[in-house]
Amino acid sequence: MTSYPEYGLLACLGIIMLLILGAFVNAPVSTTFILIIAFIALAYGLYRLSKMRVERAENIYGQARRAQRHIDSWVTVIDALPVACALIDSDRRVVHANERAQDLATIDKFGLPLTSYLRGPAISQALTKAQAGYSTDAIEIHKLTPNERYLRVKLTKASLIRPSNGQSFLMAVFYDVTEDRLSQIQKADFLANASHELKTPIASLMGYIETLRHHAKDDPVAQEKFLGIMQSQAERMIRLIDDLLSLRKIEQIEHIAPEETADLNQSIKAAMEAVKPLADKRGVTLTFKGSGPARTRANSDESVQLFLNLIDNAVKFTPAGKSVKIKLQSVPDWSSALAFRDSKLAASRPSRRIAEMTKPVQSKGAWQVQIRDRGPGFSREHLPRIGERFYRIAGDLSSKEKGTGLGLAIVKHIVIRHRAGLYIRSALGKGTEFTVVFPHIEISAEQKAKAENV
């Protein structure tokens with residue numbers, strides 16, 4: 001047992017001093033002994049007080065150590081679990097979370113309340129109910145940042161230290177139900193959008209079929225004309241269905257970042273080759289200023305589709321005799337403030353950040369791709385709706401060239417899936433410039449040599 005010997009020493013010295021003082025001043029013996037007894041009582045009281053303080057401190061310290069040992073044990077268990085788990089203390093702060101939970105709930109710092117990461121009245125009510133000892137149902141949380149996710153959270157009470165201490169902890173288990181929820185939403189959207197968009201061409205086909213069966217059944221010239229229109233409507237329906245299926249496929253896996261690597265330089269060239277026949281037909285020139293291999297974390301097919309949609313739109317909006325300029329460059333220490341740094345359009349022109357790049361920790365800089373057309377441009381009120389399903393700004397394009405209104409929506413969701421960035425600046429009468437940004441990745445010398453030889 002720890003004690004304070006200085007109090008005993010102080011008492012002895014006090015007694016000796018009193019005896020010496022009594023001898024010098026020739027005080028009565030009774031008075032001297034009374035003072036000695038009083039001083040002994042005072043010294044004993046101080047000793048008992050110090051002993052109680054030491055015992056209380058040791059008790060608190062022992063409880064804290066036992067609690068920490070229990071927490072350390074649970075931390076080991078939580079880290080070993082195959083599901084996303086977090087430990088919540090009585091103040092609703094996140095004590096610990098395994099890697100899966102940190103990723104799902106974007107927990108980047110321990111010690112903050114769980115409601116700092118999962119917001120809404122539902123999570124607060126569930127925490128209150130769970131802390132009171134009641135059973136709680138799993139609640140669903142819709143997270144919008146940094147990426148849209150649907151999480152199901154289950155809270156259970158977990159006693160980690162002796163109940164006499166009055167402290168208790170909660171275990172939070174997270175389930176990612178994004179794919180299921182998006183699948184349900186997309187099914188409903190698909191039916192609504194498909195029925196709306198397909199209604200017009202189907203009604204048109206039905207009308208022409210009726211005409212061919214009756215009024216034009218003996219008119220070869222009318223038959224040829226109507227059959228051509230019917231073919232155009234059927235092709236439009238095929239494009240619409242293909243785009244809807246592509247968009248649905250991207251949205252289903254949007255929350256899963258690609259793990260493979262792709263060369264943006266090659267993706268842009270592949271997209272340009274696919275668009276070149278249309279550009280030649282319209283008298284539009286495609287110019288590309290690039291660098292060597294531009295490796296990034298991306299799916300090759302999806303990156304080609306992204307640039308194909310952007311370049312195809314640029315060609316359709318650019319008048320004959322003009323050019324679409326595409327530029328790929330490396331930007332060290334890239335930030336969103338640099339999104340329009342190299343833009344040829346004035347800074348006063350309308351612009352929008354459609355999707356911000358999520359820059360990995362190990363990334364050093366970014367690959368920036370700029371695609372500029374010489375078309376009529378967009379007015380400011382259109383920019384907030386760029387990337388929205390079925391939103392078209394077709395201008396004077398023919399019905400055959402207007403597209404399905406899904407091209408930029410596909411681009412937007414591909415960019416989000418790749419944790420890349422998408423920015424737009426436009427000026428009436430000057431054209432439109434899209435900027436796509438992908439993070440750099442570190443590749444070995446062997447991979448770099450192999451890529452340069454391809």
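The values are calculated or read from the model by the stated rules, or taken from the named source; none is laboratory data. As the structure is a prediction and not an experimental result, all values here were calculated from the model. For neighbour counting, all protein chains shown are included, and Cβ atoms are generated from backbone atoms with ideal geometry for every residue, glycine included. Heads up: the accessible areas ignore ligands, DNA and RNA and are worked out on the full protein's heavy atoms, side chains in. Shrake-Rupley method; radii C 1.70, N 1.55, O 1.52, S 1.80 Å.
Structure notes:
- In sequence order, calculated HN-Hα J values of the stretch 377-382 (Karplus, 6.51, -1.76, 1.60; Hz; x Gly/Pro): x, 10, 7, 4, 5, 7
- Here, the stretch 268-312 yields an orientationally averaged convex hull projection of 3.3 nm² when only Cα atoms define the hull.
- Accessible area of Y391 (1.4 Å probe, protein heavy atoms only, ligands and nucleic acids ignored): about 50 Å².
- Over the stretch 211-306, relative contact order from alpha-carbon pairs under 8 Å, at least 6 apart, %: 31
- Binned Cα-Cα distances of the stretch 176-292, short to long, each 5 Å bin given as a whole percent: 2, 9, 11, 11, 12, 12, 15, 11, 8, 5, 3, 1, 0
- Karplus 3J(HN,Hα) series, Hz, for the stretch 250-261 with 6.51 cos²θ - 1.76 cosθ + 1.60 (x for Gly, Pro): 5, 5, 5, 10, 4, 7, 10, 6, x, 9, 7, 10
- From most to least packed by mean Cβ count within 10 Å, the peptides 428-434, 416-422, 87-93, 213-219 give 416-422, 428-434, 87-93, 213-219.
- Over 18 Å apart at the Cα level, from the set K249/K316; K269/K327; K276/K322; K225/K281; K249/K327; K281/K316, are K249/K316; K225/K281; K249/K327.
- Cβ-Cβ FRET estimate between E235 and V75, R0 fixed at 56 Å, reported to 0.05: 0.40
- Diffusion coefficient of the stretch 215-257 by Stokes-Einstein, Kirkwood radius over Cα pairs, 37 °C, 0.692 mPa s: 255 µm²/s.
- Whole-Hz couplings from phi, Karplus 6.51/-1.76/1.60, listed for the stretch 220-225; x for Gly and Pro: x, 5, 5, 4, 4, 5
- Charged-residue dipole, Cβ positions (Lys, Arg, Asp, Glu), the stretch 294-337 about Cα centre, Debye nearest 20: 200
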